[in-house]
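Notes to accompany the following structure.
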Amino acid sequence: MSRLCHRFGQFDFIYSHPLNLGRISNRFGLTKICDLPLAPPDQAKSNASQRNTMPGIIKERLFTPGPTPVLMEAQVRAMARNLHHRTEEFRQIMKATVEHLRYYFNTQHDMVVFASSGTGAMEGAITNLLSPQDRALVGTAGKFGERWLALAQAYGVEAVKVESPYGQPVNIAEMKRQLETNGPFRAVYIQATETSTGVMNDVKTLAAIVKSYPETCLVVDAITGLGTSELNPDEWGLDIVIGGSQKATMIPPGLAFASLSPKAIQAMEKARLPRYYFDYLKERKNLAKGETAYTPATSLVVGLHTALEYIRQLGRENLIANAAMLAAATRAAVQALGLKLFAESSPANAVTAVRAPQGMDSGVIIKDMRTRFGTVVSNGQGTMKGQIFRLAHLGYYDVCDLFAAVAALEISLQKVGFAVELGSGVRAAQEVYLKHEGVPRAAHS
């Protein structure tokens, strides 16, 4: 059996073949068998030859709207700390993390944190606010708006739908009309950013409307809206705002968090839908003591604490400005290449959705970018698969990341048969950068 050992910090990484399992052995004599299969040398060589005819190194880079690039300092600290969750040391970290989350959310509202994807917190926003006889109003313009509808259906809640075509924002005037003529509604659900289509919804205007209904709560899925767009939960009247760890907070997937207004908390005390793990009030009570109701993802919490410290040092406004500048540069670049934006009227700062050239499957472009350059961008979802590709710029990206991605896109477009002038997209992105030169950018950790 051949073995290849790499040392990293306190750990020896031992790869064995032919079992194809990675064994991580720390210097204290403990071992762990990893689930990730490792390609045998001959297969790895074959994979490399298929990826690119050019010799050399190919680094994989994520330009997906989740997961996003991880802040290295957060990753290292998460790996280095092995804390028990019922200790004072962890309680202090959790309390500080909650305070950092308030800063990140731009709120003084109470917070809850769960070990889950963002969908877990979305489910909790259904079960903690509603009772079986309640009705909900849902604004949807993509796959994640449709998730609100699916969650309501799963719990037998009647949901009235205001639907916009993919690529368009939710019609806020129609939401207003439904509230006025088709109520009452216990809650209104919407996305700040519809990640599947790259659209930004007008949450501020909707919030001003919902404020007139004292028995109706406004719930905002801001999983890709936080850190990329202006949100003011306290002033606007956003009763529940939901976030996720693998987005602008620059750490891996696995944590969901939400802010809760006093109005939302009052409504939760009356709600009667069944809930257990995603019990907002139970979690709120425990977090006040720096604890969680159940075993938390301790390493992710440590990573989140570190990433939020970085965001606080950078400045929330600068993080948002960074995403906005990169989004503007991306839009300019793809249009300079002769491509069309999918979300033309209200594009998001988190991710740019781009139409594939006429007659071409977007998967062809996506595949070439990944195999040739290791540049990973997202396909469309649902009925949009094959029609669009999505390039993200939320969280730990800087302008050089974008220049490289656009340059890769130019070559891939040329290789798959779409004529472009090499350098035209990069030049357009550079020009946007120069116009925004005074805007602070995300610094290296």
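Numerical summary
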{"quantity": "Residue satisfying condition, being within 21 Å of Arg331 (Cβ to Cβ) and of a type outside the set (S, T, N, Q), within set Glu174, Glu194", "calculated": "Glu194"}
{"quantity": "Residue match in the stretch 351-360 (condition: β-branched (Val, Ile, Thr), touching a residue at least 60 places away in the same chain (Cβ under 8 Å) and crowded, with 24+ Cβ neighbours inside 10 Å)", "calculated": "yes"}
{"quantity": "Filtered residue count, the stretch 382-395, keeping only those that are out of contact with any Lys or Arg (no Cβ under 7 Å at 6 or more places or on another chain) and crowded, with 24+ Cβ neighbours inside 10 Å", "calculated": "5"}
{"quantity": "Boolean, Lys415 is within 17 Å of Lys143 (Cβ to Cβ) and of a type in the set (D, E, K, R)", "calculated": "no"}
{"quantity": "Any hit, the stretch 215-225, residues being over 26 Å from Val377 (Cα atoms), within 22 Å of the chain's Cα centre (by Cα) and touching a residue at least 60 places away in the same chain (Cβ under 8 Å)", "calculated": "yes"}
{"quantity": "All positions within the stretch 232-249 that are touching a Gly at 6+ places or on another chain (Cβ under 6 Å) and under 16 Å from Asn349 (Cβ atoms)", "calculated": "Lys247, Ala248"}
{"quantity": "Test: residue in the stretch 280-295 that is within 30 Å of Gly423 (Cα to Cα) and touching an Asp or Glu at 6+ places or on another chain (Cβ under 9 Å)", "calculated": "no"}
{"quantity": "Residue that is nearest to Met94 (Cα to Cα), among those in the stretch 296-329 that are touching a strand residue (DSSP E or B) at 6+ places or on another chain (Cβ under 8 Å) and in the same structural domain as Ala96 (by TED's automatic domain parsing)", "calculated": "Val301"}
{"quantity": "Residues of the stretch 395-444 satisfying the condition of being among the β-branched types (Val, Ile, Thr), touching a helix residue (DSSP H, G or I) at 6+ places or on another chain (Cβ under 6 Å) and modelled with pLDDT of 95 or more", "calculated": "Val399, Val406, Val416, Val420, Val426, Val432"}
{"quantity": "Which listed residue, of Lys176, Lys204, is farther than 24 Å from Met384 by Cα, touching a Phe, Trp or Tyr at 6+ places or on another chain (Cβ under 9 Å) and of a type in the set (Lys, Arg)", "calculated": "Lys204"}
{"quantity": "Residue among Leu19, Leu36, Leu83 that is modelled with pLDDT under 50, among the aliphatic types (A, V, I, L, M) and assigned to a loop (DSSP other than H, G, I, E, B)", "calculated": "Leu19"}
{"quantity": "Any hit, the stretch 358-373, residues being under 18 Å from the mean Cα position of the chain (by Cα) and either at pLDDT 95 or above or in the same structural domain as Lys143 (by TED's automatic domain parsing) (or both)", "calculated": "no"}
{"quantity": "Of residues in the stretch 317-327 being of a type outside the set (S, T, N, Q) and closer than 22 Å to Asn232 by Cβ, the one surrounded by the fewest Cβ atoms within 10 Å (Cβ to Cβ)", "calculated": "Glu317"}
{"quantity": "From the options Gly120, Gly145, residue that is surrounded by 22 or more Cβ atoms within 10 Å (Cβ to Cβ) and of a type outside the set (A, V, I, L, M)", "calculated": "Gly145"}
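The values are calculated or read from the model by the stated rules, or taken from the named source; none is laboratory data. Just so it is clear, the structure is predicted and the values come from calculations on it, not from any experiment. FYI the Cβ positions are ideal-geometry reconstructions off the backbone, even for glycines, and counts take in every protein chain you see.
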